[in-house]
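To start, the structure itself, in structure tokens.
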Amino acid sequence: MISPATILAMLAVDPLGLGGAIIRGGVTPGRAGLVTGFSRLLHAPERVRRVPAGVEGERLVGGMDLVATLATGRPTLETGLLASADGGALVVPMAERLAPEVIGILTQALDAHAVRVERDGVSRVVPVRMPLLLLDEAEPDEPGSAAALADRLAFDIVPEPGLDPDALHWPEAATIRAAAARLPTVAMSDAQRRSLAEVATACGVVSLRAWLLAGRAARAHAALEGREAVADADLAVAVTTVIAPRAVLIPEVSSEEEPPPPPPSDAPTPDDPAREPLQEGTLEDRLIAAAHAALPEDLLRALAGERGTRAGRRGAAEVTDTRGRRVGVRRGRPGHGRRVDVLATVRAAAPWQRLRGASLPVRRLAIRGDDFRVQRRVRPLGTTIIVLVDASGSTALHRLNEAKGAVELLLAASYQRRDEVALVVFRGATAELVLPPTRALARARRALAGLPGGGGTPLAAALDLATALALRVRRDGAAPAIVVLSDGKANITRGGEGDRRRARAEAEEAARRLAAVRVAASWLDIAPRPTEVARHLATVMGARYAPLPAADATRIASLADATRAEARRVR
């Protein structure tokens with residue numbers, strides 16, 4: 001297993017040749033530590049720039065600085081994020097949600113190490129020599145970063161849960177500089193390049209960029225290790241870090257024996273295959289064995305069955321200054337998608353013309369930065385209704401049938417309202433998101449069919465999961481609403497233990513946490529008789545409470561509609 005610190009050190013040695021890396025997973029201290037550690041390895045760490053969520057193309061490449069142009073009387077271009085990151089790095093959060101325009105600009109920057117800025121007859125070429133760090137937060141069943149970007153980046157890093165970046169072995173910046181200086185002289189034979197091509201073919205990797213990136217990774221690792229020529233161990237590192245994550249076929253090992261299983265997680269593993277003796281056999285066989293060993297178990301299962309493709313998708317929330325129905329104006333600087341309201345700007349500047357126009361030619365309008373007015377726009381906000389279903393106990397089947405009817409009614413209405421519905425089922429020791437936010441009726445029916453019931457009530461875990469999902473929905477620009485179907489009788493702790501007293505305390509704590517994030521919610525008490533514990537939890541959570549001993553799907557959908565309306569007001 002190659003340490004993320006080693007992978008990012010290789011990237012720091014050859015940042016332009018390797019392009020960058022995708023770091024997958026949610027927002028964790030481990031991921032933040034990897035970004036910080038990589039920044040310290042760069043030659044110019046002060047030029048590391050972070051792209052804001054929902055960024056537009058003009059913000060990346062720069063555009064006409066209207067205020068400066070009017071002040072100087074000459075066309076003036078402003079500096080974009082790409083130019084400001086020249087010589088450093090560009091960190092892109094929520095990379096799975098980049099808009100197509102932004103993806104096109106970033107691929108151009110990776111290919112040419114420059115972008116052309118053209119505005120109103122003014123044109124210039126801006127150098128953008130920096131790697132990309134794409135922070136991909138997609139769930140396993142969601143599309144990830146755009147294939148056009150992923151193909152141009154050498155590495156795909158999936159940090160282990162609980163990763164402590166400070167415990168990793170980070171090389172010194174001086175070591176990186178020495179390796180970068182040594183890199184141009186590191187030799188690699190044609191036979192070694194052919195071996196990489198053979199391994200890529202065996203793994204079903206058809207992109208020539210992957211083969212080229214693997215060769216660069218091998219040379220970068222050799223330079224980092226102080227070698228003047230690529231060794232077989234460097235090729236094994238390149239196969240493990242570049243080719244194996246792109247595999248779409250399970251490579252066949254020519255030896256009669258299967259590759260040795262990976263060591264147990266608690267056993268010490270060397271950080272660098274260069275310190276391990278390679279297996280006997282031809283170089284291609286040894287590299288294929290390395291690629292096979294590098295494939296994680298879940299990927300092996302996926303490759304053995306059906307493998308989905310990961311494609312890019314459009315950006316999430318769009319700011320209200322740029323798109324939607326015009327509802328007014330506000331003071332603000334134009335650019336980055338914001339549209340100038342010419343009439344309102346002239347009206348704001350008109351009272352000051354006598355004071356400003358003493359030295360100005362006749363008929364010239366003097367406009368200052370504070371005069372600009374931009375259009376305010378609003379767009380319809382979607383709502384995502386998160387339904388939590390208590391599937392524990394002897395009446396679980398009845399409750400699941402009620403939930404199925406409610407979710408299908410909500411989905412049918414969502415086609416007209418552009419809303420989505422998600423389904424969380426909790427039973428036994430865990431809570432599970434069985435239906436991610438969707439408007440697809442067919443997918444909902446498949447997810448709901450045959451859900452098992454029985455076991456304990458891990459209510460705190462379900463409320464924690466709903467809170468996290470609601471925050472993600474809000475971050476994506478929609479309004480979350482939560483509908484809970486439960487009697488509130490928690491008896492399973494977050495750790496999966498059967499401690500009723502602690503489970504109820506944790507459930508109340510989770511309800512308070514949900515109330516703190518201000519999410520509209522409703523609680524449907526589906527016990528045979530209304531319970532005080534469910535009413536209390538609903539009050540703590542700030543939710544509407546309704547006892548429904550004989551709940552039907554229509555009444556559930558009606559209450560969800562009321563929660564939906566409240567969600568829009570809360571947002």
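Values quoted throughout were computed directly from the atomic coordinates according to the rules given, and no laboratory measurement underlies them. Keep in mind that this is a model prediction, so the values were computed, not measured. In this analysis, Cβ positions are derived from the backbone assuming ideal geometry, glycine residues included, and neighbour counts consider all displayed protein chains.
Given the options Gly87, Trp170, Val48, identify the residue whose Cα lies farthest towards the positive end of the charge dipole of region 1-176 (+1 on Cβ of Lys, Arg; -1 on Cβ of Asp, Glu).
Farthest towards the positive end: Gly87.
Post the alpha-carbon centroid distance, region 171-211 to region 1-41, in whole angstrom.
Using only Cα atoms, the two centres lie 17 Å from each other.
For region 1-176, divide the Cα radius of gyration by the Kirkwood radius and give the resulting Rg/Rh value with two decimals.
My calculation puts Rg/Rh at 1.01.
Of the DSSP beta bridges with both residues in region 1-176, give the percent that are antiparallel, rounding to the nearest 5.
Here the share of antiparallel DSSP bridges comes out near 35 percent.
Rounded to two decimal places and with Rh computed the Kirkwood way over Cα pairs, what is Rg over Rh for region 447-544?
Answer for region 447-544: 0.97.
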